[in-house]
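Visitor: The structure under discussion is supplied below as structure tokens; questions concerning it will follow.
The values are calculated or read from the model by the stated rules, or taken from the named source; none is laboratory data. Not measured: the values here are computed from a predicted model. A quick note on method: Cβ atoms are made from the backbone with ideal geometry, for glycine too, and the neighbour counts reach across all protein chains shown.
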Amino acid sequence: MTVIVIPIMPIIDRLFSIQPLRKAIWKLWYPFLTRRLRKDDVLFLNYAFETEPPMVLQLSPEDELNRPSIQLYHHVATQAVLKGKKVLEVSCGHGGGASYLSRTLHPASYTGLDLNGTGVRFCQKRHARAGLTFLQGDAERLPFPSGAFGAVINVEASHCYPDFPQFLREVERVLQPGGTFLYADFRFRDGFDAWERDLADAPLSLFSQSDISADVLRGMDLNSARSLDLIHRTLPSFLQGLGRDFAGVEGSRLYEGLKSGEVSYRSFCFTKMS
Ligand SMILES: C[S@@+](CC[C@H](N)C(=O)[O-])C[C@H]1O[C@@H](n2cnc3c(N)ncnc32)[C@H](O)[C@@H]1O
């Protein structure tokens with residue numbers, strides 16, 4: 001029998017290099033993932049975070065399973081005070097971060113937005129609580145009036161946006177004067193210059209930034225066994241290589257890239273000038 005092996009990563013890389021296709025691919029991929037993962041109650045889609053020595057974060061028993069991914073949210077969101085603020089999270093995924101932050105940091109309200117309508121419907125059912133709302137929308141065209149929020153959060157999603165500067169302009173528009181933008185994501189080396197230039201040109205002032213690549217690598221190690229189990233159980237075999245790459249387990253391009261410096265994961269706090 002002849003086995004035809006399709007080299008899926010080069011095909012995907014080629015498709016991603018065609019800008020207009022990017023959003024269309026994510027629009028298909030994330031709802032597909034939600035349908036596969038919702039049975040397992042997967043609430044986070046990020047690479048996670050752990051410090052050395054380990055963070056000491058008191059969590060409820062229900063949150064313990066998601067500790068590594070919660071720690072990434074905690075790190076990003078506690079760069080500013082959210083208590084009493086109207087918070088928007090752009091690209092909330094399956095809402096685990098929105099639920100955790102709205103329960104523990106006491107914002108006045110918390111709105112989670114994502115392009116993935118299937119994910120948003122999952123969030124609406126799974127995280128029903130007062131003051132927490134979810135809606136479908138595009139990071140590059142935020143469906144809110146100017147000055148509607150005191151803080152905007154964005155975790156590990158901006159690499160998906162075809163027009164990152166347009167997203168930054170939208171963040172500035174929906175923030176109140178003095179509001180904060182709490183942000184974390186990664187880029188491959190060939191994207192470092194554009195990333196830094198776009199952030200420097202953004203209509204926001206940089207308050208602080210850090211390279212958290214080593215912390216994210218430790219987070220990936222903590223999540224690895226669970227990610228591999230999910231990949232084996234939920235993805236057809238021809239997509240498992242893609243799943244491992246996407247989940248960032250040891251040997252994946254992201255994991256090895258973070259180790260070698262080919263990938264950089266950074267967190268930032270910006271403010272909108274008053
Ligand atoms: C890696 S996941 C991270 C999700 C979540 N922040 C977390 O940490 O669990 C990236 C998310 O970005 C969303 N996304 C991609 N493109 C988007 C866009 N143009 N507008 C809004 N969300 C988008 C995806 O649907 C997905 O939920």
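For (1) more than 10 Å from the ligand (Cβ to nearest atom); (2) at pLDDT below 95; (3) small (Gly, Ala, Ser), each residue gets a yes or a no:
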{"position": "LEU113", "(1), (2), (3)": "no, no, no"}
{"position": "GLY131", "(1), (2), (3)": "yes, no, yes"}
{"position": "ARG141", "(1), (2), (3)": "no, no, no"}
{"position": "PHE144", "(1), (2), (3)": "yes, no, no"}
{"position": "GLY150", "(1), (2), (3)": "yes, no, yes"}
{"position": "PRO165", "(1), (2), (3)": "yes, no, no"}
{"position": "LEU175", "(1), (2), (3)": "yes, no, no"}
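Visitor: Tell me the residue from VAL87, VAL56 that is among the β-branched types (Val, Ile, Thr), in a loop (DSSP other than H, G, I, E, B) and more than 9 Å from the ligand (Cβ to nearest atom), please. Walk me through how you get there before you give the answer.
Guide: Values: VAL87 fails: in a loop (DSSP other than H, G, I, E, B).
The conditions single out VAL56.
The rows are residues; the columns are (1) within 17 Å of ALA139 (Cβ to Cβ); (2) in contact (Cβ under 8 Å) with a residue 60 or more places away in the chain; (3) more than 16 Å from the chain's Cα centre (by Cα).
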{"residue": "ALA24", "(1), (2), (3)": "yes, no, yes"}
{"residue": "ASP41", "(1), (2), (3)": "no, yes, yes"}
{"residue": "LEU45", "(1), (2), (3)": "yes, yes, no"}
{"residue": "SER60", "(1), (2), (3)": "no, no, yes"}
{"residue": "ARG67", "(1), (2), (3)": "no, yes, no"}
{"residue": "GLY97", "(1), (2), (3)": "yes, no, no"}
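Visitor: When you go through (1) at pLDDT below 95; (2) over 22 Å from MET55 (Cβ atoms); (3) charged (D, E, K, R) one by one for ARG197, which number turns out not to apply?
Guide: Tallying (1) at pLDDT below 95; (2) over 22 Å from MET55 (Cβ atoms); (3) charged (D, E, K, R), ARG197 fails exactly one: (1).
Visitor: To continue, here is another question. Exactly one condition in (1) more than 22 Å from LEU57 (Cα to Cα); (2) surrounded by fewer than 24 Cβ atoms within 10 Å (Cβ to Cβ) is not met by GLY84; state its number.
Guide: Among (1) more than 22 Å from LEU57 (Cα to Cα); (2) surrounded by fewer than 24 Cβ atoms within 10 Å (Cβ to Cβ), GLY84 violates only (1).
Visitor: Here are the criteria: (1) within 12 Å of the ligand (Cβ to nearest atom); (2) surrounded by fewer than 24 Cβ atoms within 10 Å (Cβ to Cβ). Tell me which single one ALA48 does not satisfy.
Guide: All conditions pass for ALA48, except number (2).
Visitor: Taking the conditions exactly as written (surrounded by fewer than 16 Cβ atoms within 10 Å (Cβ to Cβ), of a type outside the set (A, V, I, L, M) and either closer than 17 Å to ALA157 by Cα or in contact with a Phe, Trp or Tyr (Cβ under 7 Å, 6 or more places away or on another chain) (or both)), does GLU262 satisfy them or not? Can you show your working first?
Guide: Working: surrounded by fewer than 16 Cβ atoms within 10 Å (Cβ to Cβ): yes; of a type outside the set (A, V, I, L, M): yes; either closer than 17 Å to ALA157 by Cα or in contact with a Phe, Trp or Tyr (Cβ under 7 Å, 6 or more places away or on another chain) (or both): yes.
It is true that GLU262 is surrounded by fewer than 16 Cβ atoms within 10 Å (Cβ to Cβ), of a type outside the set (A, V, I, L, M) and either closer than 17 Å to ALA157 by Cα or in contact with a Phe, Trp or Tyr (Cβ under 7 Å, 6 or more places away or on another chain) (or both).
Visitor: With respect to VAL120, determine if the residue is β-branched (Val, Ile, Thr) and more than 19 Å from the chain's Cα centre (by Cα).
Guide: Working: β-branched (Val, Ile, Thr): yes; more than 19 Å from the chain's Cα centre (by Cα): no.
In short, no.
Visitor: Same structure again: Answer yes if at least one residue in the stretch 212-233 is of a type outside the set (Phe, Trp, Tyr), touching a Lys or Arg at 6+ places or on another chain (Cβ under 8 Å) and part of a strand (DSSP E or B), and no otherwise.
Guide: no
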